[in-house]
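A short worksheet on the structure shown next.
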Amino acid sequence: MLYLSRPLLAACLYLLLPWGQGRTFGYNNGFHYQDISNGDGNGEIYFSGIRLLVESPQHLVSATRGSSVTLPCHYRYEPELTAPRRTRVKWSRLPAKAITTNEAFALETEVMVAMGNRHRSYGSFKGRVRLRRLAPGDMSLVINELQLNDTGRYRCEVIDGLEDESVTVELELRGVVFPYHSQKGRYHLNFFGAQQACLDQDATLATFKQLLSAWEDGLDWCNAGWLADGTVQYPITAPRHGCGGESSAPGLRSYGPKNRLFHRFDAFCFSASMKGIVYHLNHPRRMNFTEAARACARDGGQVAKVGQLYAAWKLKGLDRCDAGWLADGSVRYPITNARANCGPSQPGVRSFGFPAPHMKFGVYCYR
């Protein structure tokens, strides 16, 4: 329900009277209105005695990268109308990295605007979104070919004249968080370098919520890394000396926001499933990095990226006790079922770091 103070209501009425200027007002949702209803004397504007309700049966939706997903949104009137009304709907999105910031409202961007059979989509959503419209009042948003950056809080806003109601639905991707540092070693990445490092590995900087979920699943890492909101944190499940102290409780250790240009740390990246497959190339001999890249190309693929290997391990159960080159020049291998001679007793992606390019290993390809 929209509320206006008495002075503002009087000003609106003045402009609509014959001696007023009679111009329309621009409302902050991008639509323009040319009339208002009668008030009740208390500054409250009624919508002809009818109440508009916008609802969603599901406020959190999980999906996989590359798939299609539906964000449910329905509207109705109380009491029920006998004839349909002309309504507008606007879907907007707040990126996952901005949900906890004080500037959240200002960072909302439009996804789609529709009225009747006309609609328009925006930005990276062009050609990928539509309204489901399975029944009267169904304004559910269908997103195709989900991308890593599609996560966030979506707002379904229905507008009927001056009546304006909305509901939010949060979209998350099923994926994996992994720590990452550059070939130069630990703590060489500023915020922007960390962003690019994750993108180069088919990933994005993890959000606080994603790191928290990874910690709840057992992620323990004693090196601080950038998150998408510009804070620097690290997850500890087994408190110990040098990682906050033995007497500290398990949890996320936070350095808070840091200077994005001058401060340097590692990165926590988030990767989700992809359409292709990651596999250890069957090859008669070990190869240096250049030979490994050529071998993957001859097999119709390319050297796998770190994010792709982590996603294949976490989401598809890739298990291989053979060290192999990855695209960033590191050597790693994924273990789902821990066993003797394959590293620690826990599942995970084992790393040999960044060996000299002339050294001989296997290779993980992506196709």
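Values quoted throughout were computed directly from the atomic coordinates according to the rules given, and no laboratory measurement underlies them. All values reported here derive from a predicted model rather than from experimental measurement. We place every Cβ from the backbone using ideal geometry, glycine too, and count neighbours over all the protein chains shown.
With a Cα cut-off of under 16 Å and a minimum spacing of 8 residues unless on different chains, the lysine pairs in region 275-366 number 5.
The relative contact order of region 277-360, computed from alpha carbon pairs under 8 Å that lie at least 6 residues apart in sequence, is 28 percent.
So how far apart, in nm, are the two label points at SER62 and ARG120 if each is 7 Å from Cα heading toward Cβ? Going by the 7 Å Cα→Cβ label model, 3.7 nm. Label positions at LYS184 and VAL69, each projected 7 Å from the Cα along the C-beta direction, are separated by 3.5 nm. Placing pseudo-labels 7 Å out from each Cα toward the beta carbon at ILE50 and ALA238 gives an inter-label distance of 6.4 nm. Relative contact order, whole percent, for the chain stands at 13, derived from Cα pairs under 8 Å and 6 or more residues apart. Averaging Cα coordinates gives a centre for region 86-165 and one for region 321-367; these two points are 42 Å apart. For the peptides 197-204, 246-253, 297-304, the ranking by mean Cβ contacts within 10 Å, running from highest to lowest, is 197-204, 297-304, 246-253.
For LYS97, the lysines whose Cα comes closer than 17 Å to its Cα, not counting residues fewer than 8 places off in the same chain, are LYS209, LYS258. Labels on offer are [x] 23.9; [y] 22.4; [z] 21.5, and the one holding Kirkwood radius over Cα pairs in Å computed from this structure is [x]. Note on the chain: with a GNM built from Cα contacts shorter than 10 Å, the maximum mean-square fluctuation among GLU80, GLU216, GLU55 falls on GLU80.
Remind me, relative contact order of region 177-271 in percent, using alpha carbon pairs under 8 angstrom and six or more residues apart? Please list the in-between numbers first.
Values: 190 pairs, mean separation 39.9, N = 95.
This gives 42 percent for region 177-271.
Compute the Cα gyration tensor for region 184-318, then decide on rounded, prolate or oblate, letting a ≥ b ≥ c be the square roots of its eigenvalues: rounded whenever a/c is under 1.5, prolate when a/b is larger than b/c in the other cases, and oblate in all that remain. Prolate shape, in that a/c is at least 1.5 and a/b is the bigger ratio. Loop-located chymotrypsin sites (Phe, Trp or Tyr not before Pro) in region 172-273 (DSSP state other than H, G, I, E, B) with a sparse environment of at most 13 neighbouring Cβ atoms within 10 Å: PHE262.
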